[in-house]
1. Could you rank A:Y245, A:Y134 by how accessible they are, 1.4 Å probe, largest area first?
2. Cα atoms only: what Rg and Dmax, in Å, come out for the protein assembly as shown?
3. Compute the helix-to-body angle for A:119-147: its Cα long axis versus the longest principal axis of chain A, expressed 0 to 90° and rounded to tens.
4. Given labels modelled 7 Å from the Cα in the Cβ direction, how far is it in nm from A:Y233 to A:S153?
5. Gap in Å between the Cα centre of region A:122-175 and the Cα centre of region A:1-73?
6. Quote the charge dipole size of region B:7-156 about the Cα centre in Debye, to the nearest 20; the model charges only the Cβ of Lys and Arg (+1) and of Asp and Glu (-1).
7. Considering only DSSP beta bridges where both residues belong to the protein assembly as shown, give the percentage that are antiparallel (nearest 5).
8. Can you give the log10 of the normalised intensity I(q)/I(0) at q = 0.14, 0.19, 0.22 Å⁻¹, computed with Debye over equal Cα scatterers of region A:1-75?
Amino acid sequence: MNNHLFNYTLQQADNCLILGQRLGEWCGHGPILEQDIAMTNIALDLIGQSRMLYQYAAEVQGDGKTEDDLAYLRDAWDFKNVLLVEQPNGDFAKTILRQFLFDSFNCYFYEALKDSNDEKLAAIAAKSHKETLYHLKWSADWVLRLGDGTEESHERIQSALNELWPYSAEIIIASDADHDAKTNGYGVNLEEIQSRRDSKIEEVLEEATLTAPEDTFSHSGGKSGTHTEHLGYILADLQFLQRAYPGNEW
Amino acid sequence: MHEMVLNKNQICQLLEDVTDPEIPVISIRDLGILRDIRIDHNHVEVVITPTYSGCPAMLEIERSINNTLKKNNIENFRITTILSPAWTTDWMTEEGKQKLKEYGIAPPSPTNEDDIQCPNCNSRNTSLVSQFGSTACKSLFKCNDCLEPFDYFKCH
């Protein structure tokens, strides 16, 4: 098995699954019906993307395990998602800001991954990229509305930005798998993604009258399995059924 | 059991019965989900592609293809899902677009997504309510003339 390819695929699969699960928590609780539906639609896209990636990771692993084993039966330290996506939903402003920070990576990531020399990753990327265009448009739109909205909405999204900013850089810091993927042509060049992502973030924040903190400290550890305490709670919820009733099917 | 040997067109005709469970007026061929039918001796391979990656209808569509073929005494078949090339609304048939409109869903309008026609009264005085609608493939509009809300099948 190619360990780097496996880990590289898992990094992205885990990002999508965990953020999809987080967004799913909004189901029935959105501020208005249309936005409740928007969040669950995005959750569905992300979980769909994670399924394609887990199916491929299972194929790369080649020991008979399936997408379900990867999603339901790994423990927190096996998950490779970045810390940003496991952060709690908070209020609507915090969910939006988290989404925007992720989408502004994800959209450019898939766009670049379309050129992967791995046929399967390229196909998954082409499919997913189209979906993330809607996601980025939606979250960037809401950053503008809240940032340049009322005094309260501005204050709330600015405070979300202050809180989440230290989690924004981890995704573009290369792991061993990221290095291998770039060198061998099956993955993306994170430096190129970073420059596109940074200018998008800068452009949207400026229009939204928001100010990014100057402190450049960045949390990290997710890609190598060191997570915040939140991931354990997410997994307890997400994996409960398979843990309590192993092998159970619908 | 006696196995029937059918040609590609005949199988394609049978699969006209397989519709999108969310939009039961439109077949998987009309939607562009059905990509190919490959026949090798008496083995049939039905090739499909998902619309959106998380579309929950795909499982139901596979089940429906399965049932339709079996009902017509075709037992020796396989359903293959491909991801590439990625599904696009460009593959939707003209007939399919017409059926959508009659069902009350505005069909994809690749030339002008800012000027969507109301499927009920044909007015172009409409506005977007939300980019995300009742399913992943649709967004929500309202007509400013007849005041009806409606789904728009977005270009993808």
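The values are calculated or read from the model by the stated rules, or taken from the named source; none is laboratory data. Model, not experiment: these values are computed from the prediction. Every residue, glycine among them, receives a Cβ derived from its backbone with ideal geometry; neighbour counts consider all protein chains shown. When the accessible area is computed, the model is the full protein with side chains, heavy atoms only, and any ligands, DNA or RNA have been set aside. Shrake-Rupley method; radii C 1.70, N 1.55, O 1.52, S 1.80 Å.
1. Numbers: A:Y245 125, A:Y134 40 Å².
Per-residue accessible area, sorted high to low, gives A:Y245, A:Y134.
2. 22.5, 75
3. 20
4. 2.8
5. Region A:1-73 and region A:122-175 have Cα centres separated by 18 Å.
6. On the way: 15 positive and 21 negative charges, 51 e Å.
Here the size comes out at about 240 debye.
7. Antiparallel bridges make up about 70 percent of those DSSP assigns within the protein assembly as shown.
8. Debye output, listed in q order: -0.48, -0.73, -0.87.
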